[in-house]
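Enquirer: Dumping the structure here so I can ask a few things about it.
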Amino acid sequence: MAAFFVVVILALAWRCAGITFDSLWLDEGYQSIVDAYGRSLPDFTQVPLSPFIFDPGLPAEPIVMLQNFRNVDPLTPPLYQLLLNRWISLFGGSDLALRLLSVCISTACVAAVFWVTNKALGLKTAVLTGLVQAFSSFDIYYGQEVRMYGLVSLAATLSCGTLFLLLLHYIRGRARVYAWVVYVISTWALINSHYTGLFIVLFQGLLGMSVALLGRNWRLMGILTACWICVGILWLPWLKMFMQAAAVRTASFYVARQPSLWWPPFALFVKIPVNWIIFLSGKQVVAPAIPVFVTSALSLLLCVRVVPTLERRQRMFLALIVLWAVVPAVGLWLVDVLENHKVIEIARYVMATAPPIYILAGVGFSQFRLHNRLVVAIVLAHFFFASVNNIAHITVVHQREPWRDLARILETRVSDDPLVLVAQPYNILCLNRYLSRPYRQVGVSTVMTAPQVESKLSGVNKFVLITAQEGESFTAMVPTRFKMVDHVKLSHGLHLRRYEL
C-alpha cells in the first residue's frame with residue numbers, strides 16, 4: 001500500500017509541476033473549453049465596432065451543452081467536455097482549475113495501471129510500471145492538457161485491464177460481478193472519450209469471442225454479449241453524434257495524406273514502434289530527451305528477457321498486453337491505408353494503446369537487481385534523464401503556443417487602438433484569456449478571398465496581425481499597400497506583426 005501511494009503522489013506531483021507554465025492553446029481553448037461551456041460563440045470574422053475582451057461567461061446546463069456540442073465539434077465524443085462542464089461550474093475557468101481536471105484523471109490512470117499490473121505481475125513490476133508512467137513526459141503533457149486524452153487512457157486501462165484479469169481468472173468470487181460492471185462503464189466511457197477507442201472495443205470483441213469459442217465457454221460468451229449489449233444501450237443517446245462524426249471524418253484536414261507506396265510499410269514498421277518510444281519518453285527532441293529515447297527502447301527490449309521467468313498465466317497476460325498494444329494500432333493503420341489518412345502518425349490518437357507500453361517497460365525494468373549493474377544503470381538513467389527532461393519542459397521550454405507572452409507583448413508595444421487581425425479566428429479565444437485591455441479584434445483565415453480581406457481593412461491605416469501555426473500563410477494575403485514595421489516571433493509558430501500604409 002505504501003508503494004502504491006508513493007507512485008501516485010509522484011505522478012500527481014509531476015502533473016501539478018509547471019501546470020500553468022504553458023498558456024492554453026487553440027485545441028484547449030476551442031475543442032474543450034468552448035464545448036464544455038456550451039454557449040454559442042460570436043462571429044469573430046466580423047469587424048467589431050468597439051474593442052472587446054471575449055468572456056465565455058458561465059457554463060450552460062448539461063442538456064444545453066450537449067445540444068450545442070453537436071453544432072460546435074462533431075469530430076469528438078462529448079464525455080470529457082461534459083465532465084469539464086460540471087467541473088467549471090464548481091471550480092471556475094482559470095488555467096489552473098481547467099487543467100486540474102486532467103491532472104486528476106491522469107493520476108487516476110497511473111493508479112489504475114498500477115492496480116492491473118500488481119494484480120497480474122506482482123508488486124515490483126507494478127511499482128516500476130507506475131514510475132515509468134508517472135515520469136513519462138508524454139503522459140504528463142496530456143495529463144495537463146485540457147483535452148480528452150487522459151480520459152482515453154484511463155478508460156482504456158480499466159476496460160482492457162479488467163477484461164484481461166477476468167479472462168485469466170485473476171479476479172474471483174463476488175468481485176467478478178463488480179469487475180464486469182467496471183468493464184461495461186469503462187468501455188462506454190472509452191468510446192465516448194475518443195472515437196479511436198472503437199478499435200480497442202473491436203479488438204476486445206475478437207479476443208473475447210476467440211477465448212470463449214476455443215474454450216467452449218458458453219457462459220463467458222453470454223456474459224460478454226450481455227456486457228456489450230449494455231454498452232450499446234448506454235451509447236444509444238449519443239449514437240447520433242457518432243453518426244454525425246462518421247459522416248465528416250474523411251474530410252478531416254489534419255489527418256489527410258497524399259497517396260504513396262512507401263507510407264504504408266513505413267507507418268506499420270517504423271511509426272508504430274516510434275509511437276511506443278514516444279509514449280515512454282515524450283515527443284520533444286531536445287538534448288535531455290535523447291537518453292530517454294534510448295532507455296525507453298531498451299526497456300521494451302529487456303522485456304523479452306523476462307518472459308521465460310514468468311508463470312504460464314503471467315505469460316498469457318503479457319501476451320494480451322502485447323496484443324492490446326499492436327492489434328488496435330494495426331487496425332487503425334489499415335483504415336489509414338484504405339482512406340489515405342495518417343491518424344497512426346499522431347501518437348495522441350492511439351493513446352488508448354499507451355498503457356500496455358508502460359506495462360511492458362515496467363516488465364523490462366523488473367530485472368532491476370543490485371548485482372545486475374547494466375539493468376540498474378539503464379533504470380536509473382531512464383528516471384534521471386526523464387526528470388531532467390520534465391523539468392526543462394515544465395519550467396524552461398514552452399510546449400504550447402505562448403499566448404500569455406504574446407498578450408503581454410501586444411499590450412506593451414501597441415498602446416493605440418488599431419485593428420487586430422488574428423489567424424485563425426478561434427485563436428482569439430486563446431489571446432483573450434491573457435489580455436488586460438480590450439482591442440478591436442477580427443478573425444481571419446487563408447480560406448478568405450482577396451475582396452474579403454480588403455473589406456476587413458477598408459479605411460484602415462495600420463493594423464496588427466497575429467498568426468499561429470495554423471494561420472501563418474495568411475501573411476501572403478496582406479495587401480501590398482501595407483508594409484511591415486515590426487515583427488515579433490515567439491515559439492511554436494506564434495507571430496505578432498505590425499503593418500502601416
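The values are calculated or read from the model by the stated rules, or taken from the named source; none is laboratory data. Here the structure is a predicted model, which means the values were calculated and not measured. Here the Cβ is made from the backbone with ideal geometry for all residues, glycine too, and neighbour counts use every protein chain on show.
Enquirer: Sort through Gly205, Gly222 and tell me the only one that's part of a helix (DSSP H, G or I) and either in contact (Cβ under 8 Å) with a residue 12 or more places away in the chain or within 22 Å of the chain's Cα centre (by Cα) (or both).
Expert: Matching residue, one of Gly205, Gly222: Gly205.
Enquirer: Could you tell me how many of the residues in the stretch 442-478 are over 18 Å from Pro425 (Cα atoms) and either modelled with pLDDT of 95 or more or in contact with a strand residue (DSSP E or B) (Cβ under 9 Å, 6 or more places away or on another chain) (or both)?
Expert: Of the residues in the stretch 442-478, 3 are over 18 Å from Pro425 (Cα atoms) and either modelled with pLDDT of 95 or more or in contact with a strand residue (DSSP E or B) (Cβ under 9 Å, 6 or more places away or on another chain) (or both).
Enquirer: Also: Residues to consider are Phe164, Phe114; find the one that is assigned to a helix (DSSP H, G or I) and farther than 18 Å from Ile200 by Cβ.
Expert: That would be Phe114, the only listed residue that is assigned to a helix (DSSP H, G or I) and farther than 18 Å from Ile200 by Cβ.
Enquirer: Quickly run through the stretch 402-435 and pick out the residues that are within 23 Å of Asp27 (Cα to Cα) and free of Cβ contacts under 8 Å to residues at least 60 places away in the same chain.
Expert: Ala407, Arg408, Val420, Leu421, Ala423, Leu431 - these are the residues of the stretch 402-435 that are within 23 Å of Asp27 (Cα to Cα) and free of Cβ contacts under 8 Å to residues at least 60 places away in the same chain.
Enquirer: Among the residues of the stretch 297-318, is there at least one that is under 29 Å from Arg400 (Cα atoms), without any contact (Cβ under 8 Å) to a residue 40 or more places away in the chain and in a helix (DSSP H, G or I)?
Expert: Yes: the stretch 297-318 contains one or more residues that are under 29 Å from Arg400 (Cα atoms), without any contact (Cβ under 8 Å) to a residue 40 or more places away in the chain and in a helix (DSSP H, G or I).
Enquirer: Something else about it: Name the residues in the stretch 1-24 that are surrounded by fewer than 16 Cβ atoms within 10 Å (Cβ to Cβ) and part of a loop (DSSP other than H, G, I, E, B), would you? Break it down stepwise before answering.
Expert: In the first step, residues of the stretch 1-24 are kept if they are surrounded by fewer than 16 Cβ atoms within 10 Å (Cβ to Cβ); the result is 1-3, 5-6, 9, 13, 17, 20.
Scanning the stretch 1-24 gives Met1, Ala17, Thr20.
Enquirer: Scan the stretch 257-274 and report the pairs whose first residue is in contact (Cβ under 8 Å) with a residue 24 or more places away in the chain and whose second residue is part of a loop (DSSP other than H, G, I, E, B), with Cβ atoms within less than 7 Å and a gap of 6+ or a chain change.
Expert: Arg257/Asn340; Arg257/Lys342; Pro259/Asn340; Trp263/Arg257
Enquirer: Please indicate, with yes or no, whether at least one residue in the stretch 409-419 is charged (D, E, K, R) and modelled with pLDDT of 90 or more.
Expert: yes
Enquirer: Additional query: Kindly check whether there is at least one residue in the stretch 16-36 that is of a type outside the set (Val, Ile, Thr), more than 23 Å from the chain's Cα centre (by Cα) and not assigned by TED's automatic domain parsing to the domain that holds Gly443.
Expert: No, there is no match, as no residue in the stretch 16-36 is of a type outside the set (Val, Ile, Thr), more than 23 Å from the chain's Cα centre (by Cα) and not assigned by TED's automatic domain parsing to the domain that holds Gly443.
Enquirer: From Arg257, Arg305, which residue is surrounded by fewer than 14 Cβ atoms within 10 Å (Cβ to Cβ), assigned by TED's automatic domain parsing to the domain that holds Phe383 and basic (Lys, Arg)?
Expert: Values: Arg257 fails: surrounded by fewer than 14 Cβ atoms within 10 Å (Cβ to Cβ).
After applying the criteria, what remains is Arg305.
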